[in-house]
1. First select every other residue whose beta carbon is under 11 angstrom from the beta carbon of Asn385; then total the charges, Lys and Arg +1, Asp and Glu -1.
2. To the nearest 20 debye, what charge dipole does region 11-169 have about its Cα centre, counting +1 at the Cβ of each Lys and Arg and -1 at the Cβ of each Asp and Glu?
3. Could you tell me which of Gly433, Cys107, Asn311 has its Cα farthest along the dipole of the chain towards the positive end, charges placed at Cβ (Lys, Arg +1; Asp, Glu -1), taken about the Cα centre?
4. So which trypsin sites (Lys or Arg not before Pro) in region 401-457 end up in coil per DSSP with only 16 or fewer other C-beta atoms within 10 Å?
5. Under 18 Å from a point 7 Å along the Cα-to-Cβ line of Ser500: which residues of region 474-489 have their amide N that close?
6. If you take the charge dipole of the chain about its Cα centre, with +1 on Lys and Arg Cβ and -1 on Asp and Glu Cβ, which of Ile233, Ile488, Val246 is farthest toward its positive end?
7. Once Lys and Arg get +1 and Asp and Glu get -1 on their Cβ, which of His130, Leu150, Ser118 lies farthest toward the positive end of the dipole of region 112-155?
8. Given H placed 1.01 Å from N in the peptide plane, which residues other than close sequence neighbours of Phe44 have an amide H under 5 Å from its amide H?
Amino acid sequence: MKNGNINIAVIVSGIDEEYQNTILQGVGKFADENNINIINFAAFGGILKSQKYDAGEFNIYQLINFSKLDGVILLTNTISSPEITEQICGKVKKAGIPAVSIDNDLCGFYHIGIDNFSAMKKMTEHIIKHHGIKTINYISGPDDNPESILRTQAFKEVLKENNIEIDERRIFHGLFRGQDGREAIESFAKSKIDFPEAIICANDAMALSAAIELEKIGKRVPQDVLVTGFDNIYHAKNYSPGISSVKRPLQLSGYMACKTLFDLLNGKNPQRSVILQTECIFSESCGCENNNKNDISDFKKNNYRIIENYNINIPLINRMSCDLEESLTLEENIQTIKNFISEIKCEKFYLCMCEKWDKSNDEINKYNQSQNNQYLKNGYTEKMNAMIAFENGRFIEPFTFDSREMLPDIFKPADKSNLYYFVPIHFRDMCLGYCAVCNSRFPIDNAMFHTWIMSISNSLENIRKIIHLDKMVKQLDKLYVIDPLTQIYNRNGFNKNVGSVYQYCIDNKKPVLILFIDMDGLKYINDRFGHSEGDLALRQIANSLIVSCTKENNICARFGGDEFIIFSPDCDETEAQKILKNIQDYLKKYNSESGKPYNIDASIGCYIETPTKDMPLMKLITIADQYMYENKQRKKEASITAGIKDLFR
């Protein structure tokens, strides 16, 4: 509305779950009817039991610039981190924009929900009073989730009212995930207490996996154990036996949340909290008759669509993962991702990477310290690079933008509503960037969307590692050929680089100059003034060679200890004298200006020869070394000021 359209953010985790998925469908339905832009900030936290992975997922919420938005829909009950939920709520309140919370009734926000307590109480009473069950286990949701807390309280209250002992050993604390049902049954089976007659679950995802796991250990549902769930999702209704559950209007919840914001932004005064009706559906899993079966033809069609989606999307993801694994450069990686963008059928797609995403961990840590920033684990860089930008059927040039914009032109007035999904790109807790997908059914219809995004994330991390392995190899190679003290070639570097040039001189009958340099008085400097001064003196000798070797293909190196060498191809005596004079002038100038209590000098042996194929380079070096030694012997004290003519034979 601030720019002509209403822009509403939805903050959610786990859009591949039916609960979240159905609510988002309701949000999208109202948005389509009223030309509202919906921007989903979607994580997949609390799935892999990894705190570092969750930190990387939840980092997407740090991207949100609430000042750009007109309203927010919160599904904080899907976020497994109370700290993250608290941060989000604080930022929404600070921005002063209206927000609607679905199911969790949060102070200061509008609310669309159900009476969790009453619904769970009716379900528990049914198991005890209708079926006469006394030994009951319970699988809860997160202990800090408001909905889960109310359902657990209702379960315990009914037990208390019916004089049934509340045994904490019979309560498994889950996280609303399917795997919690499996783990709960494993825990109950290992327990030393009697196996339960009934298991009440805080949601259908856990109830379904619990029923499947019961069958694996030889327990029939409902003949041996009754099972109930909550939410009445599609798979629970159509499982065999059908899961007894609590029917709730999930799609209507999303629809009403969006409508509440729409009414607020148009000057209306909607009710702060709306409690939608629920209905207990007693089905086969608790031993009741299933009166809620879908038409069998519709069931078959829906199941076939689900299978067909998997048949299409699993090969797609496998092909992309395989191609990404074969990408050894960033350019290949980006092209591979581009090749698959058209297959997800979207109007727009952006791969936005942090400025320093491809740096090493040490480099990022140094950057964070210098910028007082912690984007590695918390937030994004000020500038983002859209390395892939796909708009309306074509790729446009990569561009850089301010991360506060989240995406350029996202709030540009349009004649239709747009639906965005922002998902994080990360490796463990290291933030790399994010993807933005616009007007595509792929994120909401494809249960493999999370896997698709993980493949992209992992491939970019692999490229980052390859980049740094290459850097390390180059650094190691440099260490192999470069003398760390003087930063010129060492003996290995000299041998590695001189061979081809020497062969060129042999083949083309070009003369070669060898200068063998030995520093004078290094031991004196080390003994009197310390090894740091000796190191400084050696560096100055090296510097004198660097400034003197101006001709292309000249090679200078520290040959070992205080010995240095210069190799100059196609060099005559005039050029040799120029090099020698440059060395002398450099050292003379340094000695006059350094203020050191010692002078830096060297003895030099010079030899020029036109080599032949039977003349090894080492022979020339040996001759120059001998000339250097003779020169040193002639000098009464360390100096390279001996006449140049005396250095030649």
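1. Result for the neighbourhood of Asn385: 0.
2. The dipole magnitude comes to about 120 debye.
3. The one lying farthest along the dipole's positive direction is Gly433.
4. Lys416, Arg428, Arg441
5. It comes to 474, 477-478, 481-482, 489, nothing else.
6. Sorting the options by dipole projection puts first Ile488.
7. It is His130, whose Cα lies furthest towards the positive end.
8. Gly14
The values are calculated or read from the model by the stated rules, or taken from the named source; none is laboratory data. All figures in this text were calculated on a predicted structure; none of them were measured in a lab. Virtual Cβ from ideal backbone geometry, glycine too; neighbours counted across all protein chains shown. Heads up: the accessible areas ignore ligands, DNA and RNA and are worked out on the full protein's heavy atoms, side chains in. Shrake-Rupley method; radii C 1.70, N 1.55, O 1.52, S 1.80 Å.
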